[in-house]
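These notes are about the structure you will find just below.
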Amino acid sequence: MSKINPLPPEALTWLAVWPGVRGLTIGSHQLARRLLEAGHTMFAMAHEERDIDRLRGGVGITPIWARPEAMPIDPCQFDVVFCHQSFHHFDAPRSLSEIARVLRPGGCFSASYVVRDDSVPWVRRLTALLRHYDPMAMRGEYGHDSLDAIDQCKYFPEVEHRAFRIWQEISLPELQKLVASQPLSRNLSETQSQRLRDEVRELFEHAVRPGENLKLPFQLLAWRAWVNHDELTAPVAPPETGIRIDVQVPQNPRWS
């Protein structure tokens with residue numbers, strides 16, 4: 001099964017909002033590379049050393065070793081902050097506060113998750129088949145529910161939602177392999193495993209014409225949240241350019 005493209009071009013354009021943005025990605029160096037190729041100026045944040053090493057090996061992306069709950073970044077530095085498939089790993093209130101702080105006025109937080117689309121009939125049949133063996137099969141816990149915190153966040157009063165359909169071609173051997181990788185397969189006897197393989201084959205053959213493959217559907221769920229700095233507890237202003245030197249005049253009793 002070929003690797004799915006989680007960000008089709010139209011979705012990437014929608015999430016980037018404007019051409020040529022100064023952007024920061026959180027938790028996805030692949031996304032940073034896609035955005036760099038699309039003409040954006042990219043910074044990429046990661047909290048694992050191996051991810052920072054991968055970013056350092058590339059060209060054109062500035063790595064930042066940190067977590068989104070505590071960003072070592074001046075305020076108002078980015079047009080767009082991106083987070084793909086990873087927001088559930090972080091503390092939402094603290095992360096959203098920091099994301100709001102580093103966004104420029106009018107900036108956008110763009111977040112996304114790829115989830116399986118179970119509305120297609122053959123996928124519903126496959127789900128029912130697997131749940132005959134394990135009621136918890138194919139529950140689809142991707143972490144995207146964490147994005148509900150954006151809709152409730154006072155720092156982002158305007159939020160847009162959009163879904164993009166993604167299709168992944170899958171052959172019978174690939175579908176068999178996908179089913180075999182499910183946790184339920186570890187608890188089956190050889191007889192049960194063979195029966196399940198036969199049932200998957202039958203499902204596949206009834207869902208396609210001879211010589212064709214199935215198309216496994218996914219959705220890219222996307223959020224665009226527009227920042228409002230008025231609710232931040234500390235004033236936010238972009239740093240002044242150049243060097244500022246504070247001069248303190250010593251007190252002289254003759255001047256008082």
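The values are calculated or read from the model by the stated rules, or taken from the named source; none is laboratory data. On a predicted model such as this, the values are computed, not experimentally measured, just so you know. For accessibility, only protein heavy atoms count, side chains too; no ligands or nucleic acids. Shrake-Rupley method; radii C 1.70, N 1.55, O 1.52, S 1.80 Å.
How high is the relative contact order of segment 9-232? Use alpha-carbon pairs under 8 Å, at least six apart in sequence, and give a whole percent. In percent, rounded to a whole number, it is 22. Average projected area of the Cα convex hull of segment 1-119, in nm²? Its Cα hull, projected and averaged over all orientations, spans 8.4 nm². Accessible area of Ser181 (1.4 Å probe, protein heavy atoms only, ligands and nucleic acids ignored): about 80 Å². For Lys154, the solvent-accessible surface with a 1.4 Å probe is about 110 Å², rounded to the nearest 10.
Pop out the Kirkwood hydrodynamic radius of the chain from its pairwise C-alpha distances, inverse of mean 1/r, in Å to one decimal.
By the Kirkwood definition, the hydrodynamic radius is 21.2 Å.
Measuring max minus min along each principal axis, the C-alpha atoms of segment 43-91 give extents of 27, 24, 18 Å (largest first).
Heavy atoms only, probe 1.4 angstrom, no DNA, RNA or ligands counted: give me Thr233, Thr191 ranked by accessible area, highest first.
Details: Thr233 135, Thr191 110 Å².
So the residues, ranked largest to smallest area, are Thr233, Thr191.
Mind ranking Glu199, Glu69, Glu205, Glu212 by accessible surface for me, highest first, 1.4 Å probe?
Details: Glu199 55, Glu69 25, Glu205 105, Glu212 80 Å².
Solvent-accessible surface, decreasing: Glu205, Glu212, Glu199, Glu69.
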